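K.L.:
Quick one: this structure, given as structure tokens, is what I'll be asking you about.
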Amino acid sequence: MSSGAPVLTIDRDNVSLGEAVFRALCRALEHGVYRSGDRLREDEVAQKLNVSRTPVREAFGKLVAKGWVQPAGGRGLIVRSLDQSDILELYAMREILEGAAARLAAQYAAPAEIAALRDIHARFASGEGGAAGLARLNRLLHGAIQRAARNRYHDAALEDRHVATALLGTTTCAADGRPVTAAAEHGALIDAIAARDSDRAEAIARAHIREALQTRLHMTLTEAAKARS
């Protein structure tokens, strides 16, 4: 488990205990409580959440089915590392989903939501919080666009993307030059949403994800080269 990470918590609001544990673990993966290579053990998770092993076992099964973790012997699991094939598949789906979110947001976003997007964008453009802070603001901005899209079926599809993206590790906001170009892309996207230009909003969002993919692939290749040296 990452040092200094948020504690693992559970929300039992109107769902089964197994589902509540599953959601808690998804949040933990998304926010870096657990990272690629970390081990998950039934007894430890059960103790942290103050539940029995049965709902933890149920939640572990769902995590395995999603492909985010894999068996590691005994009753433990290992958080997966995504390879290049996983990355390409993930970003292909991200391009479709983020493009759809932008299109819908251009149709349905309220003025207050657009104002909130501009506020987040201004903080991102200022470089607030370094790479970690920018990654958090990036999640906030894309989440705000997702909510402005007002489509619960689309929301469900994007939830898996959030967790899978977190498994990639180091944020692309840490790459040289990426925060500046990402800020420009965000600004253009928000302008298109504010102008109610659905076609342009979708096109910009899709291009934004393609640029993020190129940065991610470059980072992956650089890290692999360093590991071999």
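K.L.:
With a Cα-only, solvent-free Debye model of the range 35-141, what are the log10 I(q)/I(0) values at q = 0.17, 0.21, 0.22 Å⁻¹?
P.N.:
Result of the Debye calculation: -0.97, -1.04, -1.08.
K.L.:
Which sequence of 197, 13, 38 reflects their accessible areas, 1.4 Å probe, from the largest down?
P.N.:
Working: 197 60, 13 90, 38 30 Å².
From most accessible down to least: 13, 197, 38.
K.L.:
Determine the shape class of the range 147-221: with a ≥ b ≥ c the square roots of the Cα gyration tensor eigenvalues, call it rounded for a/c under 1.5, and otherwise prolate if a/b is greater than b/c, oblate otherwise.
P.N.:
On the way: a/c = 2.51, a/b = 1.26, b/c = 1.99.
Verdict is oblate for the range 147-221.
K.L.:
I'd like the Karplus ³J(HN,Hα) series for the range 117-128: coefficients 6.51, -1.76, 1.60, θ = phi - 60°, whole numbers in Hz, and an x wherever there's a Gly or Pro.
P.N.:
Per residue, the Karplus-derived 3J(HN,Hα) values read 4, 5, 5, 4, 4, 4, 5, 5, 4, 7, x, 4 Hz.
K.L.:
Taking residue 48 as the anchor, which lysines have their alpha carbon closer than 26 Å to its alpha carbon, excluding any fewer than eight residues away along the same chain?
P.N.:
62, 66
K.L.:
Normalise the Cα radius of gyration of the range 24-82 by 2.2 N^0.38 Å (N = residues in it) and let me know the number. Write out the running numbers ahead of the final one.
P.N.:
On the way: Rg = 10.4 Å, N = 59, 2.2 N^0.38 = 10.4 Å.
Rounded to two decimals, the normalised Rg is 1.00.
K.L.:
To continue, here is another question. If you find the alpha carbon centre of the range 185-202 and of the range 31-69, how far apart are they in angstrom?
P.N.:
Between the Cα centres of the range 185-202 and the range 31-69 lies a distance of 39 Å.
K.L.:
Taking a probe of 1.4 angstrom, what is the accessible area of residue 108 in Å², to the nearest 10?
P.N.:
Counting only protein heavy atoms, the figure is 120 Å².
K.L.:
Quote the Stokes-Einstein diffusion coefficient, in whole µm² s⁻¹, for the range 95-209, based on the Kirkwood radius over alpha carbon pairs, a temperature of 25 °C and a viscosity of 0.890 mPa s.
P.N.:
Values: Rh = 14.0 Å.
The estimated diffusion coefficient comes to 176 µm²/s.
K.L.:
OK, next. Which residue fluctuates most in the GNM of the chain (Cα springs below 10 Å): 74, 177, 32?
P.N.:
The residue with the greatest mean-square fluctuation here is 74.
K.L.:
Suppose a student asked you for the relative contact order of the range 1-120, using Cα pairs under 8 Å spaced at least 6 residues apart; what percent would you report? Numbers along the way, then the final one.
P.N.:
Values: 107 pairs, mean separation 26.6, N = 120.
Dividing the mean separation by the residue count of the range 1-120 yields 22 percent.
The values are calculated or read from the model by the stated rules, or taken from the named source; none is laboratory data. Keep in mind it's a predicted model, so treat the numbers as computed, not measured. Surface areas here come from the heavy atoms of the whole protein model, side chains and all, with no ligands, DNA or RNA. Shrake-Rupley method; radii C 1.70, N 1.55, O 1.52, S 1.80 Å.
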